[in-house]
Structure formats: structure tokens, C-alpha cells
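Structure first, then comments.
Just so you know, all these numbers are worked out from the coordinates, no wet-lab data involved. Note that this is a predicted model, so its numbers are computed, not measured. Note: ideal-geometry Cβ built from the backbone for every residue, glycine included; neighbour counts use all protein chains shown.
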Amino acid sequence: MTTSHPGPRADTDGSRRGEEHAVDAEVFRSAFRRHPAGVVVITADAGSGPVGFTASSLVSVSLQPPLIAFTITTGASSWPTIGSVESLVVNFLAAGQASIARCFAQLGADRFSEPTRWSRLPTGEPVLDEAPGHLRVVVENRWPVGDHRLVVACVVDHAGRSDYEPLIYHDGGYTTVDRGHGGDASLQRRSSASEDLELPGPDADGSRA
């Protein structure tokens, strides 16, 4: 069962800012274009079929207990399912899988049709067969934050390998890390992000710029 833990009340109406004004959306978007973030696909099924969306808002929150968090807008096609399920799957993406990220970020796309390869875990959640790793998580809380919901979940299972380079979103495109001969990592552009997104970012249902 999904549990709810009391915590500090979110300042969703901006009342604590006083006379200060928030930057506009374009300034905010521009600032975060230079901030690299890992790309995942979050999948779930509330009983009416699988849903999934590309996200770059995933963060680790706590080690004890092992908690993760991500955001999703309530206007997203995946929100009714994400807002009601008790568990879901975070599918990590590797370099070279930008096509999967674009598929799950396209407005109106049939994201689970060919060429998407997917199956179900023994517990019923949809999982991407080509993902190099995944987390199965149980939802702990969903908090309203601005025009999004912040979803916090506990990791209850993990599977996958560690010998892959991650897919990264940076400056409007998908990239990965190039470690070079000296072992120092740098970003290497691979492909541009899709233009047909539900939101400006790679997140079909998230918040990236």
C-alpha cells in the first residue's frame, strides 16, 4: 500500500518569496540547458495498459531507506497512471539509445508498439527489454510542486549490468560521456532531441529544458 509521511508544507504559491519575483520560463529553461542530466524511461501500468515517459528529473534522495524522486506534470498523458499506481519501473538508458528516449517523449505516440521491445516483471510492471538496467520502486509520496508532482519512491529491486555508458541530456540534445585516453570524462554529442515533445525538454511528462 502507498504510504504518506507528514513533512514540511511546500510553498507552492510563492508566499515565502516576499517582494522577489521568479525568473521567467525562458530564463529558467536557458539556465538548465547547460546542466547535464541522465535520461531514463519510467514505466507503469494501473490495469488499463502500460504507460511510459522519458524523464531527466530522476535523483537519488536517501540511502537508508533507498529513495528516489522524479517530477511529472499533471497535464501529462502518463500522469493518471503514475498518480495511482503503487509501484513502477525506472529504466536506465545507455549511449546509443536516444531513439528510445525520443519514442517515449513524443506526443501522441504509441510508445509500446514496434520497434519497442518490452515485457513484464513477475510483479506485473512493464519493463523495457533493451534497458541496460532498471529499478522497481514502490511509491511513498506524491507532492504538488508548482505545475508538477514530485514523486518519491523506495527502491525494492534492481537488475542490470554496469558496463555501459549512460545516455545524457545536455544543451537540447542527447549525448554521452567520452572518457578519453586519460580517463577524464567529457560530454560527447550524439544526436539532437526530438522536436515533437509534450514539454520543452526530453521529458514527455517531466520538466527539463
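Rounded to the nearest whole Hz, the Karplus-based 3J(HN,Hα) values (6.51 cos²θ - 1.76 cosθ + 1.60, θ = phi - 60°) of the range 73-86 follow the sequence 7, 6, x, 6, 5, 7, 4, x, 6, 4, x, 10, 6, 8, with x at glycine and proline.
Quick one: D157, D163, D147, fewest Cβ neighbours within 10 Å first, how do they rank?
Details: D157 15, D163 7, D147 12.
By the 10 Å Cβ count, ascending, the order reads D163, D147, D157.
Please report the relative contact order for the range 37-192, taking Cα pairs under 8 Å with a sequence separation of at least 6, and give it as a percent rounded to a whole number. Working shown, then result.
Numbers: 328 pairs, mean separation 38.5, N = 156.
Relative contact order for the range 37-192 comes out at 25 percent.
Residues whose amide H falls under 5 Å from that of W118, counting only those 5 or more places apart or on a different chain, are D129, with hydrogens built in the peptide plane.
Residue-wise HN-Hα couplings along the range 19-30, as the Karplus relation 6.51 cos²θ - 1.76 cosθ + 1.60 with θ = phi - 60° gives them from phi, are 8, 6, 10, 5, 5, 6, 4, 5, 5, 4, 4, 4 Hz; Gly and Pro carry x. The stretch between D163 and L150 holds 1.6 nm of extra length on full extension. This uses 0.36 nm per residue minus the Cα-Cα distance.
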